[in-house]
Amino acid sequence: MAQESKQKLWGGRFSKGSAVLLDRFNASIPFDYKLWKYDINGSLAHSFMLHKIGILDSDELESIHQGLKQIALEIENGEFEFKLEDEDIHMAIESALINKIGDVGKKLHTARSRNDQVALDFRLYVKDKIKGLQGRIIELMSVLLDLASRHTESIMPGMTHLQHAQPINFGFHLVCWSENLRRDFKRLQSSYERNDYLPLGVGALAGTPYGNDREFLAKTLGFSAPTLNAMDSVSDRDFALDLLYDIAMLLMHISRFAEELVLWSTCEFGFVSISDSYATGSSIMPQKKNPDVPELLRAKSGRAYGNLISLLTTMKALPFAYNKDTQEDKEVVFNSVENAEISLEILKEVMQTLKINTRAMEQAAKKGHLCATDLADYLVREAKIPFREAHHITGQIVAMAEEKGCDISELSLDEVMSFNDRIKVDVLEVLSLKNSMNARTSLGGTASKNTKDQIEYLKEWIKNVRN
Ligand code: ARG
């Protein structure tokens, strides 16, 4: 016969203790101990509510509070023993309370179920973590924008299909990154608001006969309002899925930034150099400096997608209301949250210490005939040639430069003028990278002045969300 573990809080109708293997398989305490603070805060609020509706007298309330606070202190100091046979954080804390204060502790679970309790704890965790991620996003954006402010004149090749396309400045590129992050911030915000409803006080699935004051609970625990329907409150995990999706998107963005850092730090690009403190060496090739950090950042998105798909699949076809399947919601969310937190932190530090090689950027911009569009625009504007024809003539000029192995900006004036007699000396102006960049003044364009406006706008936006 398999070994049996100790009697459970729910063990009244059972004649045998549970198998040790059941404890190992069934327990969530190895991971949901991370919810301890939320569980204690939930219990503090719940006991206040029980006092308010006349279930606990003042002495009982006081004794429960003392007990819970002691438990919190013990956990904080690492003196609390989390035991597998307690099954989950909710029962671990409740058992400890009963051990400490005796029979009064047994009243705490009145008008409450672990189903609404776990729904509450997990929502409190998710709300807390959303705020933390938003703060980290803002910090990263601030670093990117400070860097951008210093590089609104630093010309680099803007690319499409990873081929040189038109000259832009490095600051403009960083504003593009920042906009991705701003959407991530807003996405988290809307997830927060959509899910800011209190599930506690609905009991197992159908409500309670005690007249729970859920408005009071919502206010005490900082929710916008209580949930409307008891069954929905205990079965819904949309709040966790919303966060998993938000993080998948955030880490997808970060993987794109990371890919650019990997590319830019190759010998072929040489646009940036990652600080020694954030790079690693090779165990065999002494000359190497590897971009492990951006590579790992690039990989984290994979896990985040997996976590999202994992929980979506767990939730699919679950009958209403609570099912134990949902216990599997926590590890994936913890994993995504912790990866997102450290990713944002380390990317911020990498960017703070990144060396920018503006010379290499500018040299690169001199390859690939980046001013070709400007030349075609010149033919349209100054020589009154229809755009299609101008495009064709410019193509021929590019072909000549290719043949000579130079950039169109390096052809002589005579050579350029030989293609059409309406081309004048002032064509040289449009063949300058700087002029080309600064000509792009349409709203959102790359001209240094426009880039500065965009940076200012975002800095102002940050100031507003910080307040
Ligand atoms: N550990 C459980 C979970 O994470 C808590 C809820 C258990 N409820 C129940 N009726 N067995 O989902």
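The values are calculated or read from the model by the stated rules, or taken from the named source; none is laboratory data. These numbers come from a predicted model, not from an experiment. Virtual Cβ from ideal backbone geometry, glycine too; neighbours counted across all protein chains shown. Keep in mind that these areas ignore ligands, DNA and RNA; they rest on the heavy atoms of the full protein, side chains included. Shrake-Rupley method; radii C 1.70, N 1.55, O 1.52, S 1.80 Å.
Results for (1) touching a Leu at 6+ places or on another chain (Cβ under 9 Å); (2) more than 23 Å from Leu431 (Cα to Cα); (3) open to solvent by 10 Å² or more (accessible area, probe 1.4 Å), shown as yes or no for each residue.
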| residue | (1), (2), (3) |
| --- | --- |
| Ile137 | yes, yes, no |
| Leu140 | yes, yes, no |
| Met156 | no, no, no |
| Met159 | no, no, yes |
| His164 | yes, no, yes |
| Leu174 | yes, yes, no |
| Ser178 | yes, yes, no |
| Asp184 | yes, yes, no |
| Leu188 | yes, yes, no |
With a cut-off of at least 1 residues that are over 22 Å from Ile155 (Cβ atoms), name the helices (runs of 4 or more DSSP H) lying wholly within segment 380-443.
387-404, 413-417
Give me the pairs: first residue in segment 396-423 and open to solvent by 90 Å² or more (accessible area, probe 1.4 Å), second residue among the charged types (D, E, K, R) and not in a helix (DSSP H, G or I), beta-carbon distance under 6 Å, and six or more apart or on different chains, which are they?
none
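In segment 358-370, is there at least one residue being open to solvent by 10 Å² or more (accessible area, probe 1.4 Å), more than 16 Å from the ligand (Cβ to nearest atom) and among the polar types (S, T, N, Q)?
Within segment 358-370, the subset open to solvent by 10 Å² or more (accessible area, probe 1.4 Å) is 358-360, 362-364, 366-369.
Add one more test, that the residue is more than 16 Å from the ligand (Cβ to nearest atom), and what stays is 358-360, 362-364, 366-369.
Those left that are additionally among the polar types (S, T, N, Q): 358, 363.
Among the residues of segment 358-370, at least one is open to solvent by 10 Å² or more (accessible area, probe 1.4 Å), more than 16 Å from the ligand (Cβ to nearest atom) and among the polar types (S, T, N, Q), which makes the answer yes.
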Quick check: is even one residue across segment 20-36 away from the ligand (no atom under 14 Å from the Cβ) and open to solvent by less than 30 Å² (accessible area, probe 1.4 Å)?
no
The residue that is surrounded by the fewest Cβ atoms within 10 Å (Cβ to Cβ), considering only those in segment 287-310 that are farther than 17 Å from Leu251 by Cα and touching a Ser or Thr at 6+ places or on another chain (Cβ under 9 Å), is Lys288
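Residue by residue, here is whether (1) modelled with pLDDT of 95 or more; (2) away from the ligand (no atom under 16 Å from the Cβ); (3) in a loop (DSSP other than H, G, I, E, B) holds:
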position	(1), (2), (3)
Ser301	yes, yes, no
Leu311	yes, no, no
Leu318	yes, no, yes
Glu328	yes, no, no
Asn335	yes, no, no
Taking the conditions exactly as written (touching a residue at least 12 places away in the same chain (Cβ under 8 Å), open to solvent by 70 Å² or more (accessible area, probe 1.4 Å) and of a type outside the set (A, V, I, L, M, F, W, C)), does Lys8 satisfy them or not?
no
Can you tell me which residues in segment 429-467 are modelled with pLDDT under 95, over 27 Å from Lys186 (Cα atoms) and surrounded by fewer than 17 Cβ atoms within 10 Å (Cβ to Cβ)?
Glu429, Ser432, Lys434, Asn435
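Can you confirm whether segment 339-348 contains a residue that is within 30 Å of Val234 (Cβ to Cβ), in contact (Cβ under 8 Å) with a residue 60 or more places away in the chain and in contact with a Lys or Arg (Cβ under 6 Å, 6 or more places away or on another chain)? Working first, answer last.
Filtering segment 339-348 for residues within 30 Å of Val234 (Cβ to Cβ) gives 339-341.
Then keep just the ones that are in contact (Cβ under 8 Å) with a residue 60 or more places away in the chain; that gives 339-341.
Then keep just the ones that are in contact with a Lys or Arg (Cβ under 6 Å, 6 or more places away or on another chain); that gives 339.
Checked segment 339-348: at least one residue is within 30 Å of Val234 (Cβ to Cβ), in contact (Cβ under 8 Å) with a residue 60 or more places away in the chain and in contact with a Lys or Arg (Cβ under 6 Å, 6 or more places away or on another chain).
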Which pairs do you get when a residue that is farther than 23 Å from Asn26 by Cα, found in segment 84-112, comes within reach of a residue that is within 13 Å of the ligand (Cβ to nearest atom) and open to solvent by less than 30 Å² (accessible area, probe 1.4 Å), reach meaning Cβ atoms under 8 angstrom, with the pair 6+ apart or on two chains?
Gly105/Glu94; Leu108/Glu94; Ala111/Gly203
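For segment 108-127, which residues satisfy the criterion of being among the hydrophobic types (A, V, I, L, M, F, W, C) and near the ligand (Cβ under 9 Å from one of its atoms)? Walk me through how you get there before you give the answer.
Narrowing segment 108-127 to residues among the hydrophobic types (A, V, I, L, M, F, W, C): 108, 111, 118-120, 122, 124, 126.
Scanning segment 108-127 gives Val118, Ala119, Phe122.
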Given the criteria touching a residue at least 60 places away in the same chain (Cβ under 8 Å) and either within 16 Å of the ligand (Cβ to nearest atom) or touching a Phe, Trp or Tyr at 6+ places or on another chain (Cβ under 7 Å) (or both), does Leu250 qualify?
no
Residue among Ser58, Ser15 that is over 30 Å from Arg214 (Cα atoms) and either in contact with a helix residue (DSSP H, G or I) (Cβ under 8 Å, 6 or more places away or on another chain) or more than 16 Å from the ligand (Cβ to nearest atom) (or both)
Ser15
Do you know which residues across segment 37-54 are open to solvent by less than 40 Å² (accessible area, probe 1.4 Å) and more than 16 Å from the ligand (Cβ to nearest atom)?
Leu44, Ala45, Ser47, Met49, Leu50
So which residues in segment 97-133 are within 16 Å of Thr326 (Cβ to Cβ), surrounded by 21 or more Cβ atoms within 10 Å (Cβ to Cβ) and either modelled with pLDDT under 95 or among the charged types (D, E, K, R) (or both), if there are any at all?
Asp116, Asp121, Arg123
Return the pairs, sorted by first residue and then second, in which the second residue is outside any helix (DSSP H, G or I) and open to solvent by 40 Å² or more (accessible area, probe 1.4 Å), the first residue lies in segment 202-218 and is farther than 18 Å from Asp236 by Cα and charged (D, E, K, R), the beta carbons are less than 8 Å apart, and the residues are 6+ apart or on different chains.
Asp213/Ile53
